[in-house]
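Visitor: One structure is given below, represented as structure tokens, and several questions about it will come after.
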Amino acid sequence: MESEHSQRILVVDDEKRMCSMLLKFLQQEGYDCQSTTDPAEALAILEQNDFDLVISDIRMQGMSGLELLRELRLKRPGVDTIIMTGFTDNHTYSDIIEAGAVDFIGKPFKLPELKAKIERVNRERRMLRELQETNTALGVVLKRVEGDKERLDADILSNLQQLIFPYLDKLRGTRLDEKQMTYVNILHLNLLKITSPFMRNLSQKRANLSHMEIQIANLIKAGKDSKEIADILGVSINTVTTHRYHLRTKLGLKGEKVTLKSHLKSIDFLVM
């Protein structure tokens with residue numbers, strides 16, 4: 001965290017006596033300060049040097065404090081400004097704040113009052129910077145968590161593919177009666193339903209596939225033909241054919257001389 005002594009302040013007032021008084025006071029308070037009686041010179045100084053705060057009079061020769069403030073907002077938007085004015089009847093607090101200043105102080109003022117305003121601006125700047133740093137850190141953490149979740153989803157689906165679904169295929173290859181085959185297909189379908197949120201999260205990041213499309217894609221990848229897929233999912237062959245067409249379109253295979261099965265085997269996000 002920055003200390004107040006590291007803050008750089010530029011004082012701008014066309015009265016030399018005011019500039020000298022403020023410069024002496026702020027330096028005694030530990031601030032790194034510079035002053036000028038010329039607003040145009042103030043802009044030149046700000047182009048060549050970094051300052052955290054500008055304290056400017058509102059009525060000056062050649063350029064008013066509000067005109068200087070507008071230039072600052074265009075050229076150095078990160079620099080805060082406190083406006084000093086002895087003409088409070090001409091300029092309200094809201095006028096000055098809407099112009100872009102962080103605060104204003106009416107002349108004549110006591111130096112401790114100005115000090116309090118500077119300290120408040122410094123506190124708010126530190127809080128804003130800390131908030132920005134916290135938001136950045138949270139963004140990194142959330143991105144890491146999202147990556148971890150995606151890897152976990154992929155691991156779950158990969159384990160199903162390697163440890164469970166091959167044995168369901170072996171069961172289908174044995175002499176099961178119709179009732180037993182129905183139970184195997186129901187088990188397969190229920191496992192697909194359980195894992196569909198994982199599959200959907202992975203697929204949406206890449207191809208924006210629907211729930212049914214991802215299930216059919218997994219079964220195609222596993223070597224199932226349209227009739228077998230229709231039996232497992234309890235849909236018609238025409239439905240499977242339609243989804244196969246949509247898969248080819250979404251995966252950029254429309255008009256390409258490549259089978260859907262071979263393409264699906266070449267990518268890793270459609271695990272079953």
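The values are calculated or read from the model by the stated rules, or taken from the named source; none is laboratory data. Here the structure is a predicted model, which means the values were calculated and not measured. Don't worry about glycine lacking a Cβ; one is built from the backbone with ideal geometry, like all the others, and counts go over all protein chains shown.
Visitor: Can you pull out every residue in the range 143-168 that is modelled with pLDDT of 80 or more, closer than 19 Å to LYS221 by Cβ and assigned to a helix (DSSP H, G or I)?
Guide: Within the range 143-168, LEU163, PRO166, TYR167, LEU168 qualify.
Visitor: Restricting attention to the range 182-210, and to residues there that are modelled with pLDDT of 80 or more and over 14 Å from LYS224 (Cβ atoms), which single residue is nearest to the chain's Cα centre (by Cα)?
Guide: My answer is LEU191.
Visitor: Among the residues of the range 73-93, are any within 21 Å of LYS16 (Cβ to Cβ), free of Cβ contacts under 8 Å to residues at least 60 places away in the same chain and assigned to a loop (DSSP other than H, G, I, E, B)?
Guide: Among the residues of the range 73-93, at least one is within 21 Å of LYS16 (Cβ to Cβ), free of Cβ contacts under 8 Å to residues at least 60 places away in the same chain and assigned to a loop (DSSP other than H, G, I, E, B), which makes the answer yes.
Visitor: Working carefully through the options GLN34, GLN48, find the one that is polar (S, T, N, Q) and more than 21 Å from ARG125 (Cβ to Cβ).
Guide: Of GLN34, GLN48, the one residue that is polar (S, T, N, Q) and more than 21 Å from ARG125 (Cβ to Cβ) is GLN48.
Visitor: Follow-up. Here's a check for you: in the range 92-105, which residue that is farther than 19 Å from VAL11 by Cβ and more than 34 Å from the chain's Cα centre (by Cα) is surrounded by the fewest Cβ atoms within 10 Å (Cβ to Cβ)?
Guide: Only one residue fits best here, namely THR92.
Visitor: Just wondering, is there one or more residues in the range 56-65 that are closer than 23 Å to LYS110 by Cα, part of a loop (DSSP other than H, G, I, E, B) and more than 40 Å from the chain's Cα centre (by Cα)?
Guide: Among the residues of the range 56-65, at least one is closer than 23 Å to LYS110 by Cα, part of a loop (DSSP other than H, G, I, E, B) and more than 40 Å from the chain's Cα centre (by Cα), which makes the answer yes.
Visitor: Continuing with the same structure: If only one of GLY106, GLY139 is of a type in the set (Gly, Ala, Ser) and outside the structural domain of ASP57 (by TED's automatic domain parsing), which one is it? Break it down into steps so the answer makes sense when it comes.
Guide: Details: GLY106 fails: outside the structural domain of ASP57 (by TED's automatic domain parsing).
Criteria check complete, one pass: GLY139.
Visitor: Still on this structure: If I filter the range 146-176 down to residues being closer than 18 Å to GLY234 by Cα and of a type in the set (D, E, K, R), which single residue comes out as surrounded by the fewest Cβ atoms within 10 Å (Cβ to Cβ)?
Guide: ASP169
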